[in-house]
Amino acid sequence: MEKKMQALDSVHAKALSCWKADNLLQEKIVVSAKPLTAEEAIGKPDDMDYPIQQGKEHLIEAVFNGHKGQAFTASRGTFSGTLEEIAALPLSDDFNRAVFVATLNAVSCAQHTATNTIHCKDNAPKECAQKLSEYIKNKYDECKITIIGFQPAMAEALHTVFQVRLVDLDPQNIGLVKRGVLVEGQEKTGDAIAWADVLLVTGTTLANNSIDLFLTDKPVIFYGTTIAGAAAYMNWERFCPMSD
């Protein structure tokens with residue numbers, strides 16, 4: 001358990017240290033979080049196979065002094081409290097982790113530590129995927145990529161240029177070819193990591209606390225808004241150019 005919690009604990013410790021240094025814990029600051037609808041989260045893209053549209057994940061949004069931060073999670077719920085209360089939440093709970101991560105993103109945005117903390121909308125994910133393909137090609141040239149988490153536009157854009165494997169947790173996806181890529185189950189994670197030259201990992205792994213599996217000696221690119229604040233604190237590579 002200690003190994004599994006290592007990255008999340010490090011992020012939490014850094015955040016708490018910064019919040020204390022800026023005297024935020026003692027102030028009467030209220031952070032609110034609410035689950036967004038699919039349309040609020042990603043607008044109206046042409047495609048309808050994004051997980052949030054299927055009700056398989058939810059987007060939690062925290063608001064701190066007018067600045068917003070988000071986190072994808074499988075949990076639903078609402079929360080309101082001070083930063084001190086949020087810092088004290090046990091991170092063994094899925095929803096508590098999402099509240100903490102969304103809060104971290106909102107505060108990081110307010111403190112100008114992180115940018116691009118709001119999910120892109122409409123057809124911006126398609127543009128993001130094309131930019132990502134060019135980015136990886138320019139930085140890593142010919143490479144084998146393992147994608148962690150089904151992001152439809154990215155899977156479609158990358159498999160036409162690179163050798164790609166895709167691992168996802170959704171049992172309804174596993175074993176199917178989605179956007180040109182065979183979706184493999186969680187049991188294939190180790191093999192898919194060993195096979196790859198580059199890992200492309202959803203930031204949701206921070207909120208569901210599986211992130212340590214992917215912090216190996218392989219280059220890893222995290223994508224999405226969920227990991228915005230943590231990536232800034234930990235100097236993790238993150239690609240999310242179309243978010244706000």
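The values are calculated or read from the model by the stated rules, or taken from the named source; none is laboratory data. As the structure is a computational prediction, the values presented were derived from the model and not from experiment. So basically every Cβ, Gly included, is an ideal-geometry build from the backbone, and we count neighbours across all protein chains shown. Surface accessibility is based on the protein's heavy atoms, side chains included, excluding ligands, DNA and RNA. Shrake-Rupley method; radii C 1.70, N 1.55, O 1.52, S 1.80 Å.
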If we keep only residues of region 118-147 that are assigned to a loop (DSSP other than H, G, I, E, B), at negative phi and modelled with pLDDT of 90 or more, then the residue farthest from the chain's Cα centre (by Cα) is Glu142
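Let's see how each residue does on (1) touching a residue at least 40 places away in the same chain (Cβ under 8 Å); (2) under 19 Å from Ala71 (Cα atoms); (3) of a type in the set (Asp, Glu):
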residue	(1), (2), (3)
Leu158	yes, no, no
Gln163	no, no, no
Asp191	no, no, yes
Leu215	yes, no, no
Lys218	no, no, no
Gly224	yes, yes, no
Glu237	no, yes, yes
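In this structure, is Thr82 modelled with pLDDT of 80 or more and within 30 Å of Leu213 (Cβ to Cβ)? Steps first, please.
On the way: modelled with pLDDT of 80 or more: yes; within 30 Å of Leu213 (Cβ to Cβ): no.
For Thr82, the condition - modelled with pLDDT of 80 or more and within 30 Å of Leu213 (Cβ to Cβ) - is not met.
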Are any of the residues in region 216-234 part of a strand (DSSP E or B), modelled with pLDDT under 95, open to solvent by less than 30 Å² (accessible area, probe 1.4 Å) and among the hydroxyl-bearing types (Ser, Thr, Tyr)?
yes
Over region 104-118, the set of residues open to solvent by less than 10 Å² (accessible area, probe 1.4 Å), of a type in the set (A, V, I, L, M) and touching a His at 6+ places or on another chain (Cβ under 8 Å) is Ala106, Val107
Give me a count of the residues in region 97-117 that are closer than 10 Å to His67 by Cβ and in a helix (DSSP H, G or I).
6
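Do the conditions hold for Val181, that is, is it farther than 10 Å from Ile148 by Cα, surrounded by 15 or more Cβ atoms within 10 Å (Cβ to Cβ) and β-branched (Val, Ile, Thr)?
On the way: farther than 10 Å from Ile148 by Cα: yes; surrounded by 15 or more Cβ atoms within 10 Å (Cβ to Cβ): yes; β-branched (Val, Ile, Thr): yes.
Criteria met by Val181.
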Before we move on, is Pro241 open to solvent by 50 Å² or more (accessible area, probe 1.4 Å), under 30 Å from Cys109 (Cβ atoms) and out of contact with any Phe, Trp or Tyr (no Cβ under 8 Å at 6 or more places or on another chain)?
yes
Pairs, first over 14 Å from Ala62 (Cα atoms) in region 106-126, second aromatic (Phe, Trp, Tyr) and open to solvent by 40 Å² or more (accessible area, probe 1.4 Å), C-beta under 6 Å, six or more apart
none
Residue under evaluation Ala231, criteria (1) in contact with a helix residue (DSSP H, G or I) (Cβ under 8 Å, 6 or more places away or on another chain); (2) under 30 Å from Cys18 (Cβ atoms), criterion not met
(1)
For the structure I just gave you, tell me whether Ala155 is of a type in the set (A, V, I, L, M) and either modelled with pLDDT of 95 or more or open to solvent by less than 70 Å² (accessible area, probe 1.4 Å) (or both).
yes
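Out of region 158-177, which residues are open to solvent by less than 90 Å² (accessible area, probe 1.4 Å) and in contact with a strand residue (DSSP E or B) (Cβ under 6 Å, 6 or more places away or on another chain)?
As a first pass, look at region 158-177 and keep what is open to solvent by less than 90 Å² (accessible area, probe 1.4 Å): 158-159, 161-162, 164-168, 170, 173-176.
Hits for region 158-177 are Leu158, His159, Phe162, Val164, Arg165, Leu166, Val167, Asp168, Asn173, Ile174, Leu176.
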Determine which single condition Val101 fails, assuming it passes every other condition in (1) closer than 20 Å to Thr205 by Cβ; (2) modelled with pLDDT under 90; (3) surrounded by 17 or more Cβ atoms within 10 Å (Cβ to Cβ).
(2)
Among the residues of region 189-215, write down those that are among the β-branched types (Val, Ile, Thr), over 19 Å from Leu91 (Cβ atoms) and either open to solvent by 10 Å² or more (accessible area, probe 1.4 Å) or in a helix (DSSP H, G or I) (or both).
Thr189, Ile193
